[in-house]
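J.: Have a look at this one.
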Amino acid sequence: MLDICYDWNKVPVPSSLREFEARWGTRRNPLDFSGVWRFRDLLPFAPENQIVTIGEGQTILQQANDVAKYVGVDSGNLYLQYEGLNPSGSFKDNGMTAATTHARMVGAKVAACASTGNTSASLAIYASTTGLLRVVVFVGSGKIAYGKLSQALDYGALTLQIEGDFDDALK
């Protein structure tokens with residue numbers, strides 16, 4: 001896990017979280033519609049003209065009173081975030097926007113991943129928006145999510161099945 005520590009005296013961040021909230025409300029800039037890049041002041045590794053975004057992170061919080069009751073939390077104090085509203089239908093899009101942005105910045109031509117579904121779909125969708133990256137997906141011969149694999153294929157990913165499971169595909 002990456003732990004980021006900021007010197008808040010040197011980071012030009014808005015003085016209030018309300019400024020991040022206001023960005024989302026205006027939607028004048030495509031980056032402001034992203035649930036990731038509207039916080040770009042805190043992710044200062046990418047110039048705005050290099051950012052790859054397709055509206056990820058605009059997921060909603062839903063009150064989960066039945067779950068709260070089951071786990072002993074007061075009603076109204078537990079929320080779940082529905083990540084199925086992301087472009088690929090997966091939380092993986094929140095990281096893939098940064099990964100493909102970095103790939104664009106360094107001039108990568110190929111992006112590869114081992115996947116049983118969500119990662120391959122997300123990578124293929126984001127890479128296709130750059131027009132620069134070719135995607136190679138390695139899948140094991142075990143259990144895979146065919147719906148997600150079909151998303152990767154729909155967006156032009158080359159899919160190679162290897163003998164072995166997911167861990168073997170990572171190698």
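Please treat every number below as a calculation from the coordinates, not as lab data. Being a predicted model, the structure only gives us computed values, none of them experimental. Glycine gets a Cβ as well: all are built from the backbone with ideal geometry, and neighbour counts include every protein chain shown.
J.: I need the peptides 23-34, 5-16 ranked by packing, meaning the mean over residues of other C-beta atoms within 10 angstrom, with the highest value on top.
T.: Result, highest mean Cβ count within 10 Å first: 23-34, 5-16.
J.: Among V110, P47, W37, whose Cα lies farthest out toward the positive end of the dipole of the range 22-171, if unit charges sit on the beta carbon of Lys, Arg (+1) and Asp, Glu (-1)?
T.: It is P47, whose Cα lies furthest towards the positive end.
J.: How much length is gained on full extension from D168 to L85, taking 0.36 nm per residue of separation minus their Cα-Cα distance?
T.: 26.8 nm
J.: Divide, for the range 126-166, the radius of gyration over alpha carbons by 2.2 N^0.38 Å, where N is the residue count.
T.: That works out to 1.22 for the range 126-166.
J.: How far apart, in nm, are the 7 Å Cα→Cβ label points at D7 and F45?
T.: A separation of 2.0 nm, rounded to one decimal place.
J.: Here's something else I'd like to know. Expressed as a fraction of 2.2 N^0.38 Å, the rule-of-thumb size for a compact globular protein of N residues, what is the C-alpha radius of gyration of the range 95-170?
T.: After normalising by residue count via 2.2 N^0.38 Å, the value is 1.03.
J.: To continue, here is another question. So for the chain: antiparallel DSSP bridges make up what percent, rounded to the nearest 5?
T.: Just about 30 percent of them are antiparallel.
J.: Report the dimensions of the chain along its three principal axes from the alpha-carbon atoms, largest first, rounded to Å.
T.: Principal-axis extents of the chain (Cα, largest first): 51, 46, 30 Å.
J.: Between L158 and Q58, what is the label-to-label distance in nm when each label sits 7 Å out along the Cα-to-Cβ direction?
T.: Spacing of the two 7 Å Cα→Cβ label points: 3.4 nm.
J.: Once amide H atoms are placed 1.01 Å from N in the peptide plane, what residues at a sequence separation of 5 or more from T159, or on another chain, have their amide H within under 5 Å of its amide H?
T.: Correct list: V137.
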